[in-house]
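Comments concern the structure below.
Read-outs throughout are calculated quantities, based only on the coordinates presented, and are distinct from any laboratory measurement. Please read all numbers here as calculations on a predicted model, not as lab measurements. All Cβ positions, even for glycine, are placed from backbone atoms using ideal geometry, and neighbour counts span all protein chains on display.
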Amino acid sequence: MSRIPQTALRGLTRSLRPSARSYATATEVPKLRTALFFPGHGVQRKGMTRSWVEAFPQTCKPFLEEMDEILGCKLSTLIEEGPILQLDKSENAQPAIMAVSIMILRVLEKHFDFKTDQVIDVTLGHSLGEYAALVAAGNLEYTFALDLVRRRGDVMGECTRKAKEESGEDFGMIALVCEPEQLDSLIAAVKEFLGHGTEGTKDDSSGVPAIQQVAIANANSKNQIVLSGSFQRIRNLLVHIREFGGHDPRAVELKSRSAFHSPIMMPAYEFMKKALTPENVTFPGRFPCISNVTARPFASKEDLIQNFARQAVDTILWWDSIKYLDRNAGTLRWLGVGPGKVGRNLVSKEVGRSSAKGGGVWSITEPDEIEEALRGLEATEMEDTKK
């Protein structure tokens, strides 16, 4: 694979602009021109490291060996060889996705003179991707974050096994897709049938055991939400919505056998509250990171600890995060790093592939996508600086 000459990347190694590194205040929103985003659970696939190891063995082989050492198991072999049923388990898929995302970023930094500190103004990650986003932003050390992901994955896997054992039901996540103008009324209908009057009531306050509840796990885009919980109860809910709620959304079962961001994950929330101690968190980081549950930059170390832990049971406000950056923070350029195209597709739904002169959306999931993405970033930043 050809390499981009360093002279071609001059726009990507600009001097830091103080305004791009400041944090939001109550009266002022900083201009965060370039965002780096990471994917969440479900993008894992067997062999997803192969092309990277072949193209950059001197970086990727040691990185994967270190990953195995941190985790105390041969996760690299499972990623390469499968079986996919084992890789799909939360305790394996989540550290695998997070590690591969950071590995790709390391390749950019070491082989393409990509200076993350100088190119990127803000990070964000879709659900699980928030771990990689916090590592890239300098709030968490990679080693700590990877171990934390694995241990939280173990807890989440146990949550699902216990819920299935106690209820005899299967658990997972189903995306509902509708026309954009119908989304608000669809959400209202879902909440009405669930007995959820407001956001944040995903606990036992309704009188229904948490194990039987369904939650809105993700608000992903202008026409998609994700329900999490018992498949049986989700399907019953869909029957009610279609018969009595006036909606007929397209339902798509996601590649997950766990009910993430739902009440059954309360033990994972409790685990995170204990594991995230102030000494393990750096704040401020190198640049802001957007919280999944507030759709705003983490405001303090305490805010980061609280809201990062809440992520296990709260709704992921991905669409709100994209809207905040696009409409309030002036973000023009979006670079996705990690396996799969889901993140790029969700971002593109809101901002388009080229939202304005000096802007665009790119993703790097394979080595042959690097040049186009970095050239696009360079060209659009030069356009932006001419405004």
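Here are a few things to note about the model shown:
- Over the C-alpha atoms of the chain, the Rg to Rh ratio, Rh being the Kirkwood estimate, stands at 0.96.
- Candidates 95, 57, 367, ranked by Gaussian network fluctuation over the chain, Cα under 10 Å, top entry: 57
- Here the extension length gained between residue 345 and residue 236 equals 36.3 nm, from 0.36 nm per residue of separation less the Cα-Cα distance.
- Each of 159, 73, 178 was scored by other Cβ atoms within 10 Å of its Cβ. Listed from fewest to most, they are 73, 178, 159.
- With the helix formula -39500 (n - 2.57) applied to DSSP H stretches of n ≥ 4, the chain reaches a computed 222 nm mean residue ellipticity of -13500 deg cm²/dmol.
- 30 Å Cα-Cα threshold exceeded, pairs from 273/349; 74/222; 31/301: 273/349; 74/222
- With a simple spin-label model that places each label point 7 Å from the Cα along the Cα-to-Cβ direction, the separation between residue 270 and residue 386 comes to 6.0 nm.
- Choice from 244, 144, 287 with maximal GNM fluctuation in the chain (Cα, 10 Å cutoff): 244
- Label-to-label distance, nm, for residues given as residue 141 and residue 372 (7 Å Cα→Cβ offset): 3.9 nm
- Of the residues 240, 41, the one with the fewest other Cβ atoms within 10 Å heads the list, and the complete ranking is 240, 41.
- Taking label points 7 Å from Cα along the Cα-to-Cβ direction, residue 46 and residue 166 give a separation of 3.4 nm.
- Stretchable slack from residue 301 to residue 177, in nm (0.36 nm times residue separation minus alpha-carbon distance): 41.1 nm
- Once C-alpha pairs closer than 8 Å and six or more residues apart are averaged by separation and normalised to the residue number of the chain, the relative contact order reads 23 percent.
- Listed residue (85, 144, 332) projecting farthest to the positive dipole end of the chain, Cβ model: 332
- Among 131, 142, a tally of other beta-carbon atoms within 10 Å of each Cβ gives an order, fewest to most, of 142, 131.
- Among 377, 71, 140, the largest mean-square fluctuation in a Gaussian network model of the chain (Cα springs under 10 Å) belongs to 71.
- Dipole of the chain, positive end: most advanced residue of 194, 119, 345 [Cβ charges, Cα centre]: 119
- Between residue 55 and residue 248, the contour length at 0.36 nm per residue exceeds the Cα-Cα span by 64.9 nm.
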